[in-house]
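Novice: If you scroll down you'll find the structure; I have some questions about it.
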Amino acid sequence: MQRGIRLWLMIASLVAVSLACDLSVGGPTPPGSPIPVSTEAAGELQELWKNAIASASGGEVSVVITEAQITSYLGLKLSQQTDPPLRDVQVYLRDNKIQIYGAAKAGNVSTTALITLAVTITPEGNAQFSIEKADFGPVPVPAELLSSLSSALNEALTGQFGSLATGIKIKSVLIADGNMGIVGTVK
């Protein structure tokens, strides 16, 4: 408990200092090389779902999403917001995890952030995301907050990506080597 109090006092101190001047604090580094971002790759992701459903063989749907496609799609969606939580987003698909990296700013404090997500499938066939680890600047997010952040993330992703997978009951998700494979059935 003492550690948590000290952590939040440190964060409050950083915020107080940031009110006086712009402050850039160190943070996590990206887990891989920069991923190219393009409107074409974002469009490919949207078309991927449509084509997969249209050509479903025996009701089964199988798609493979690349880091460039999901990074471009998420970057495009965030750029349409007036004050996005992350800028210059990069999405890494490695070792059965999704890692989201980007530049974050709170008030006058600028830093980098890295969020590591695990994906599970609900009995209803929906993707469920849980934040396993989150680092904002030099400070890791306390474990107590990860659950509530996971809930908020799932609500946000239901709106952002839910429309892409409409009509599909997901059976499995495999994440490795810069790709995410999704297998499901047409509802």
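Read the figures in this text as sums done on the coordinates, not as results from a lab. Just so it is clear, the structure is predicted and the values come from calculations on it, not from any experiment. Cβ coordinates were reconstructed from backbone atoms using ideal geometry, including for glycine residues, and neighbour counts include every protein chain displayed.
Novice: Quick check: net charge around Ala68, other residues with Cβ under 10 Å of its Cβ, Lys/Arg +1 and Asp/Glu -1?
Specialist: With Lys, Arg at +1 and Asp, Glu at -1, the net is -3.
Novice: Here's another thing I want to ask about it. If R0 is 22 Å, what FRET efficiency do you get for Lys77 and Glu144 from their C-beta distance, rounded to 0.05?
Specialist: Efficiency, from the Cβ-Cβ distance: 0.15.
Novice: Please give the net charge around Ser150, taking every other residue with its beta carbon less than 15 angstrom from that of Ser150, where Lys and Arg add +1 and Asp and Glu add -1.
Specialist: -1
Novice: Could you list the residues of segment 28-44 with an amide nitrogen less than 15 Å from a label point located 7 Å from the Cα of Lys133 in the Cα-to-C-beta direction?
Specialist: 28-32, by backbone N distance to the label point.
Novice: Could you give the length gained on full extension between Ser38 and Asp88, defined as 0.36 nm per residue of separation minus the Cα-Cα distance, in nm?
Specialist: 16.8 nm
Novice: Between Asn179 and Asn126, 0.36 nm times their residue separation minus their Cα-Cα distance comes to what?
Specialist: Length difference between fully extended and current span is 17.2 nm.
Novice: On to the next question. Compute the FRET efficiency between Ala54 and Lys169 as 1/(1 + (r/R0)^6), taking r as their Cβ-Cβ distance and R0 = 25 Å, and round to the nearest 0.05.
Specialist: 0.90
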